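Just below is one structure, and these are the notes that go with it.
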Amino acid sequence: MRTAQSSVHRRTGLGVVAARAALAGVLTLSACNDGGTAGGDAGSPTDRLVAALGGRDAIEATTNERITASGERFDPGESSVPGTTWLVSEFTMTATTELGADRARTELNVDVAFPRRAELAFTEVRSGGRGYVAGHDNVFAVGPTPPLAIPAARVASAEKHADLVSPLRLLRRALAEERGIRADGLAEVDGKELEVLRITLAGRPDVRMFLDPASHLPVKSETTEDHPPVGDATVEAIYGDYRKVDALTLPHAVTLRVDGLDIHKEVRSKIELNVGTDADFYALLGDTSAAPHDHGHAAFAQRSSEWLLSFEFMGLPIFYDIQTGTPKSAELAPGVHLLTGTTHHSLLIEMSDHVVLVERTLSAPTAWSRRRSRSPSTRWSPSSGSPIRRDGRWSST
């Protein structure tokens, strides 16, 4: 496997003092949101979580997190046996994320096993809702490509994934929002009664974080995402192998599950905090205006981030773009239409009082896009009163 290029960077320190001061106020206020005290006397689940991770001072002093890891990515949609997953790739990565700002840089090496063998190596940078990728991230491309702007869905998916696999980052985001974290009762997990925190972040489904009764460290975080073709699915991030990193205690093993099936296994060989970076470490190369921010596209990714990321780990970044594409319609016979997309096609059949759509569903936006692309002669739309009675779906395998 090739190794992505990386270099040593010096820290600018810009905004660090201001960020720490702001976070100190947030931590003090957050202690009262779930019945705790501002004094940090471990009177609430949030207090106990903050103390378990390393305490308020250590959390305030942390400006960024760098994770060096290796792992595997699986996809249940590509397996030929229901209830199982398919290994699509193995990877190594170095991911640096700022905790108090919307900036991140990930260097990924992906050994793709499906849909075709390929070795990919690329760098992805995100800043302010935009991003670019440089290197070789596409199994169908011949070699590396110049820096390219990435769509809003790819930026949003990566940001949400980075939060879910890092309790520190997730906590910092929650504490930065008014009533972003609060107590949510108790739940039994593997025979143990765990305290639960509910994290509410703007534009995302809520996340429930489960705390170990002895250590008060997060055992897992859980949310709901849309995973076509099954719809709503439970996504869990399971944390393990906690170790000291400077003054903090952080997980060095993370497993992601969708409806109980493992889709992502990650082992961290190193976690570094307060890493020095120079002024252009997060600079956006190339013409990012080529992929203007699409709020609808980003909102879809917030609901389906892990489903979209699976395609990136397969070396298929095109799947970020086709979710908002416009398919073409061809009438094969009276009332029978072939809807062609970028990769998969659908068949639509008009009945007397409804229509039948036969498809390999890629996502809800894609499906609705195809339903709206009907031939003008039939004048059917989702609001026209002609319901879809049957929606046939199957795996592309």
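Taken over region 193-216, the criterion of being under 22 Å from the mean Cα position of the chain (by Cα) and either assigned to a loop (DSSP other than H, G, I, E, B) or free of Cβ contacts under 8 Å to residues at least 60 places away in the same chain (or both) is satisfied by 198, 199, 200, 201, 202, 203, 204, 205, 206, 207, 208, 210. Residue 49 meets all of the listed conditions (1) of a type outside the set (Phe, Trp, Tyr); (2) touching a strand residue (DSSP E or B) at 6+ places or on another chain (Cβ under 7 Å); (3) in a loop (DSSP other than H, G, I, E, B) but one, namely (3). Here residue 246 qualifies as among the charged types (D, E, K, R) and under 24 Å from residue 268 (Cα atoms). Being in the same structural domain as residue 212 (by TED's automatic domain parsing), touching a residue at least 24 places away in the same chain (Cβ under 8 Å) and either crowded, with 21+ Cβ neighbours inside 10 Å or not in a loop (DSSP other than H, G, I, E, B) (or both) is true for just one of 253, 283, 279, 299. Which residue is that? Of 253, 283, 279, 299, the one residue that is in the same structural domain as residue 212 (by TED's automatic domain parsing), touching a residue at least 24 places away in the same chain (Cβ under 8 Å) and either crowded, with 21+ Cβ neighbours inside 10 Å or not in a loop (DSSP other than H, G, I, E, B) (or both) is 299.
Table: residues versus (1) surrounded by fewer than 22 Cβ atoms within 10 Å (Cβ to Cβ); (2) without any contact (Cβ under 8 Å) to a residue 12 or more places away in the chain; (3) not aliphatic (A, V, I, L, M).
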position	(1), (2), (3)
101	yes, no, no
126	no, no, yes
129	yes, no, yes
134	yes, no, no
154	no, no, yes
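Test of understanding: among 122, 140, which residue is in a loop (DSSP other than H, G, I, E, B) and aromatic (Phe, Trp, Tyr)? Step by step, each of 122, 140 is checked, and only 140 is in a loop (DSSP other than H, G, I, E, B) and aromatic (Phe, Trp, Tyr). A single entry from 237, 158 fulfils the requirement of being small (Gly, Ala, Ser) and more than 25 Å from residue 83 (Cα to Cα): 158. Against the list (1) in contact (Cβ under 8 Å) with a residue 12 or more places away in the chain; (2) assigned by TED's automatic domain parsing to the domain that holds residue 304, the condition residue 141 fails is (1). Among the residues making up region 166-192, those that are assigned to a loop (DSSP other than H, G, I, E, B) and surrounded by fewer than 24 Cβ atoms within 10 Å (Cβ to Cβ) are 176, 177, 178, 179, 180, 190, 191. If you take the residues in region 143-152 that are part of a loop (DSSP other than H, G, I, E, B) and not hydrophobic (A, V, I, L, M, F, W, C), which one is surrounded by the fewest Cβ atoms within 10 Å (Cβ to Cβ)? Checked region 143-152; the qualifying residue surrounded by the fewest Cβ atoms within 10 Å (Cβ to Cβ) is 143.
Just one of the numbered conditions (1) free of Cβ contacts under 8 Å to residues at least 40 places away in the same chain; (2) part of a strand (DSSP E or B); (3) aliphatic (A, V, I, L, M) is not true of residue 263: (1).
The values are calculated or read from the model by the stated rules, or taken from the named source; none is laboratory data. Please read all numbers here as calculations on a predicted model, not as lab measurements. A quick note on method: Cβ atoms are made from the backbone with ideal geometry, for glycine too, and the neighbour counts reach across all protein chains shown.
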